[in-house]
Amino acid sequence: MSQVMEKTGKAAVEKPRLSFWQIWNMSFGFLGIQFGFALQNGNASRILQKFGADVEHLSWFWLAAPLTGMIVQPIIGHYSDRTWNRLGRRRPYFLTGAILSALALFLMPNSGAIAAIAPPIMVGAGMLMIMDASFNVAMEPFRALVADNLPDSQRSTGFSVQTFLIGIGAVIGSWLPYAFANWFHFGATAPAGQVEANVKYSFYVGGTILLLTILWTIFTTKEYAPEEYAKFHEGEDDGHHKHQSGLTEIITDLRRMPKTMKQLGLVQFFSWFALFTMWVFTTPAIADHIYHVPLNDTSSARYSEAGNWVSGLFGIYNGVSALYALLLPAIARTTSRKMAHAFSLTMGGISLISIFFIQDPAWLVAPMVGIGLAWGSILAMPYAILSSSIPAKKMGVYMGIFNFFITLPQIINGIIGGPIVKHVYGGHAIYALIIAGIFMLCAALSVLFVQDNKDINVKRALSS
């Protein structure tokens with residue numbers, strides 16, 4: 001029972017529990033979104049290097065992603081809280097984001113063909129920014145939709161199903177370039193300044209799947225109308241601040257964020273600093289440290305081989321996260337949401353550090369298991385904990401503001417990560433992965449100090 005409920009004495013009607021397939025349909029669009037994210041994460045660095053980016057500059061280009069996320073998600077969350085039209089509350093944003101994301105996926109690997117307008121590297125960076133902004137438009141309302149439609153008792157399950165679908169989409173997206181190159185014999189090498197055929201067609205397939213899966217969610221999922229939704233939250237402060245503009249209200253909400261959200265912010269900071277490092281530097285790190293490719297040699301067959309294997313490895317950790325997501329609700333019930341998350345992050349940190357000690361590419365599968373445990377938990381547990389601590393009618397905006405704790409570490413990393421790799425590590429990106437592992441372990445430690453309202457309510461019930 002929330003503090004607001006205790007003060008007013010009014011009890012809201014419990015939301016009806018949904019069937020497994022209703023939860024599945026509600027989150028199915030996330031499969032397509034993560035398909036696109038996987039293609040971006042596994043291939044954006046190699047595409048930008050193809051267009052002339054040096055390894056120490058990669059993190060600067062990747063700044064486009066968190067910067068757009070920091071701006072877009074709170075705004076989308078704020079306005080989706082207040083939207084209601086023929087499509088519903090969250091679904092209009094799904095559709096807009098899906099169309100824009102698909103277009104960006106089609107265009108990014110063809111940035112070299114637009115060289116008459118601007119240098120390919122700038123076009124590629126622009127497409128990366130548009131792609132990530134579009135992903136954020138589509139993605140943010142999916143988090144809020146789970147909290148909108150599910151009672152608190154089903155939210156861990158809801159976010160876990162969402163994580164499972166994210167994992168499935170990411171597996172297919174991550175493995176597609178490798179499959180096109182090795183199983184279907186699409187061109188896996190290309191001259192300098194051009195993107196390999198296997199990568200291009202992977203992006204085309206990704207854009208199509210993203211659009212279709214989001215359309216599935218739009219046509220199969222019901223949203224509660226405002227009057228119906230209000231019945232489930234009678235007696236709660238709606239969190240809206242009268243006579244305030246959108247931006248002013250977002251800033252007010254930011255200042256008034258719950259204590260649990262602030263504590264989770266530190267966990268997210270460490271986690272996403274590590275993840276950003278992994279996504280940006282894994283390809284150059286493995287190409288240099290394990291495949292022994294000379295630094296900045298991006299046109300050799302050996303570099304393409306390393307890049308394709310990294311894309312496949314990312315598919316493995318996403319596959320592990322998908323399966324692990326199905327186990328997380330049971331693990332959280334047996335221990336607690338905090339302990340489940342701390343264990344998962346610890347496995348991820350140890351695995352990232354272990355890459356330094358591997359010389360055979362085949363053995364890289366082992367650390368992907370631990371990274372998959374961390375990724376599966378990162379996509380589910382923080383949101384399950386957060387959703388129990390924020391006002392229901394502010395779910396969208398607070399989910400968007402929560403994204404600050406994801407984007408800020410990426411922005412900081414993006415500014416300093418490249419220069420550190422160049423000037424401190426001598427261009428050897430493998431050392432960045434070691435630091436990423438240390439940050440993941442810091443996240444595991446900090447989650448133990450988070451106040452989880454569900455745990456508090458259980459303790460109160462047991463003591464009464």
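Kindly indicate whether any position in region 314-334 is polar (S, T, N, Q) and at pLDDT 90 or above.
Of all residues in region 314-334, those polar (S, T, N, Q) come to 318, 321, 334.
Keeping just the survivors that are at pLDDT 90 or above gives 334.
Within region 314-334 (the criterion being polar (S, T, N, Q) and at pLDDT 90 or above), the answer is yes, since at least one residue qualifies.
Please verify whether region 369-376 includes one or more residues that are in contact with a helix residue (DSSP H, G or I) (Cβ under 9 Å, 6 or more places away or on another chain) and outside any helix (DSSP H, G or I). Break it down stepwise before answering.
Start the filter on region 369-376 by keeping residues that are in contact with a helix residue (DSSP H, G or I) (Cβ under 9 Å, 6 or more places away or on another chain), which leaves 369-376.
Okay, now just the ones that are also outside any helix (DSSP H, G or I), so none.
No.
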Worksheet item: Is there any pair with a first residue in region 291-315 that is without any contact (Cβ under 8 Å) to a residue 12 or more places away in the chain and a second that is surrounded by 15 or more Cβ atoms within 10 Å (Cβ to Cβ) whose Cβ atoms are under 7 Å apart and which are 6 or more apart or on different chains, and what are they?
Response: 297/303; 300/293
Fill in: Of all residues making up region 150-198, the number that are crowded, with 22+ Cβ neighbours inside 10 Å and free of Cβ contacts under 8 Å to residues at least 60 places away in the same chain
1
Worksheet, complete the sentence: Residues in region 317-343 that are of a type in the set (Val, Ile, Thr) and either touching a residue at least 60 places away in the same chain (Cβ under 8 Å) or crowded, with 24+ Cβ neighbours inside 10 Å (or both) total 1
Worksheet item: Has region 137-146 got at least one residue that is at pLDDT below 80 and touching an Asp or Glu at 6+ places or on another chain (Cβ under 8 Å)?
Response: yes
Discussion item. Would you confirm, using the coordinates I've provided, whether residue 274 is touching an Asp or Glu at 6+ places or on another chain (Cβ under 9 Å), at pLDDT 90 or above, part of a helix (DSSP H, G or I) and surrounded by 24 or more Cβ atoms within 10 Å (Cβ to Cβ)?
Written reply: no
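Every residue, every condition in (1) small (Gly, Ala, Ser); (2) out of contact with any Cys (no Cβ under 7 Å at 6 or more places or on another chain); (3) within 30 Å of residue 89 (Cβ to Cβ), yes or no:
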| site | (1), (2), (3) |
| --- | --- |
| 137 | no, yes, yes |
| 141 | no, yes, yes |
| 147 | yes, yes, yes |
| 159 | no, yes, yes |
| 167 | yes, yes, yes |
| 177 | no, yes, no |
| 185 | no, yes, no |
| 198 | no, yes, no |
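Can you report the number of residues in region 34-65 which are out of contact with any Gly (no Cβ under 7 Å at 6 or more places or on another chain) and either small (Gly, Ala, Ser) or closer than 16 Å to residue 275 by Cβ (or both)? Don't jump to the end; show me each part of the working.
Let us first name the residues in region 34-65 that are out of contact with any Gly (no Cβ under 7 Å at 6 or more places or on another chain), namely 37, 40-45, 49, 52-54, 61, 64-65.
Still in the list and also either small (Gly, Ala, Ser) or closer than 16 Å to residue 275 by Cβ (or both): 37, 40-42, 44-45, 52-53, 64-65.
Here the count works out to 10.
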Discussion item. Based on this model, can you work out whether residue 399 counts as within 16 Å of the chain's Cα centre (by Cα) and more than 22 Å from residue 436 (Cα to Cα)?
Written reply: yes
Discussion item. Need pairs with beta-carbon distance below 6 Å; first residue within 15 Å of residue 395 (Cβ to Cβ) and within region 248-271, second crowded, with 21+ Cβ neighbours inside 10 Å and among the polar types (S, T, N, Q); sequence gap 6+ or separate chains.
Written reply: 258/389; 260/389
Fill in: Index of the failed condition, residue 303 passing every other in (1) modelled with pLDDT of 90 or more; (2) under 25 Å from residue 47 (Cα atoms); (3) aromatic (Phe, Trp, Tyr); (4) over 19 Å from the mean Cα position of the chain (by Cα)
(1)
Practice prompt. State which residue is surrounded by the most Cβ atoms within 10 Å (Cβ to Cβ) when the search covers only region 5-47 and only residues that are at pLDDT below 75 and assigned to a helix (DSSP H, G or I).
Written response: 5
Fill in: Inter-residue pairs, beta-carbon under 7 Å, first within 10 Å of residue 149 (Cβ to Cβ) and in region 15-29, second among the hydrophobic types (A, V, I, L, M, F, W, C) and assigned to a loop (DSSP other than H, G, I, E, B), 6+ apart
15/150; 15/232; 18/150
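May I ask you to list the residues in region 373-402 that are among the polar types (S, T, N, Q) and crowded, with 24+ Cβ neighbours inside 10 Å? Spell out how you get there, then give the answer.
Restricting attention to region 373-402, the residues satisfying the condition of being among the polar types (S, T, N, Q) are 377, 387-389.
Hits for region 373-402 are 377, 387.
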Fill in: Residue in region 431-441 that is at pLDDT below 95, part of a helix (DSSP H, G or I) and out of contact with any Cys (no Cβ under 6 Å at 6 or more places or on another chain) present
no
Discussion item. Tell me whether region 405-418 contains one or more residues that are modelled with pLDDT under 90, surrounded by fewer than 16 Cβ atoms within 10 Å (Cβ to Cβ) and of a type outside the set (D, E, K, R).
Written reply: yes
Worksheet item: residue 74 versus (1) at pLDDT 75 or above; (2) out of contact with any Gly (no Cβ under 9 Å at 6 or more places or on another chain): which is the lone unmet condition?
Response: (2)
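The values are calculated or read from the model by the stated rules, or taken from the named source; none is laboratory data. Note that the structure is a prediction, hence the values are computed from the model and not measured. Neighbour counts are summed over all protein chains in view; Cβ atoms, including those assigned to glycine, are modelled from backbone coordinates with ideal geometry.
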